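Chemist: Pasting a structure below so you can have a look.
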Amino acid sequence: MIVPFRWARWSYQIRHDEIEIQHGIIFRSRVLIPMIRVQHVETDQGPLLRKQKLVSVSISTAATVHTIEAVRAEESDALRHHILELVKVAKEDV
């Protein structure tokens, strides 16, 4: 099954001022999203993710949508709320 192998190559870090998302096996991609630019955070779960008890977390900015793939379902709500709290703090500091 190739899907878990693909998911194993995603990583993310949530810092107080930015979100870093990395993915790829041969060609690595690294995205830094400033908290001040985040507009909203969504979760998405299709039938394949539901079977594996995983969720995709989408972070929307004015320019594009960035996705953190394959987050465990029980962690996804806590992650979403944590990002939104950091966004509130970042916007209050401005």
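The values are calculated or read from the model by the stated rules, or taken from the named source; none is laboratory data. Please read these numbers as outputs of a predicted model, since none were measured by experiment. Using ideal geometry, Cβ is built from the backbone for each residue, glycine included, and neighbour counts are taken over all protein chains shown.
Chemist: Take the stretch 9-36 and flag every residue that is at pLDDT below 90 and closer than 18 Å to SER76 by Cβ.
Modeler: The answer is TRP10, SER11, HIS23.
Chemist: Going by what's in this entry, would ASP93 be described as more than 10 Å from the chain's Cα centre (by Cα), charged (D, E, K, R), loosely packed, with under 15 Cβ neighbours inside 10 Å and modelled with pLDDT of 90 or more?
Modeler: Criteria not met by ASP93.
Chemist: Count, please, the residues in the stretch 37-80 that happen to be in contact with a strand residue (DSSP E or B) (Cβ under 9 Å, 6 or more places away or on another chain), farther than 11 Å from TYR12 by Cβ and of a type in the set (Val, Ile, Thr).
Modeler: 6
Chemist: Looking only at the stretch 20-77, count how many residues are more than 24 Å from ALA90 (Cβ to Cβ), in a loop (DSSP other than H, G, I, E, B) and in contact with a Leu (Cβ under 9 Å, 6 or more places away or on another chain).
Modeler: Of the residues in the stretch 20-77, 1 are more than 24 Å from ALA90 (Cβ to Cβ), in a loop (DSSP other than H, G, I, E, B) and in contact with a Leu (Cβ under 9 Å, 6 or more places away or on another chain).
Chemist: May I ask you to list pairs of residues, at least six apart or on different chains, whose Cβ atoms are under 9 Å apart, with the first in the stretch 50-76 being free of Cβ contacts under 8 Å to residues at least 40 places away in the same chain and more than 14 Å from HIS23 (Cβ to Cβ) and the second being of a type in the set (D, E, K, R) and part of a helix (DSSP H, G or I)?
Modeler: Every condition considered, the pairs that remain are LYS53/GLU74; VAL55/GLU75; VAL55/ASP77; THR61/ARG37; ALA62/ARG37; ALA63/ARG37; ALA73/ARG50.
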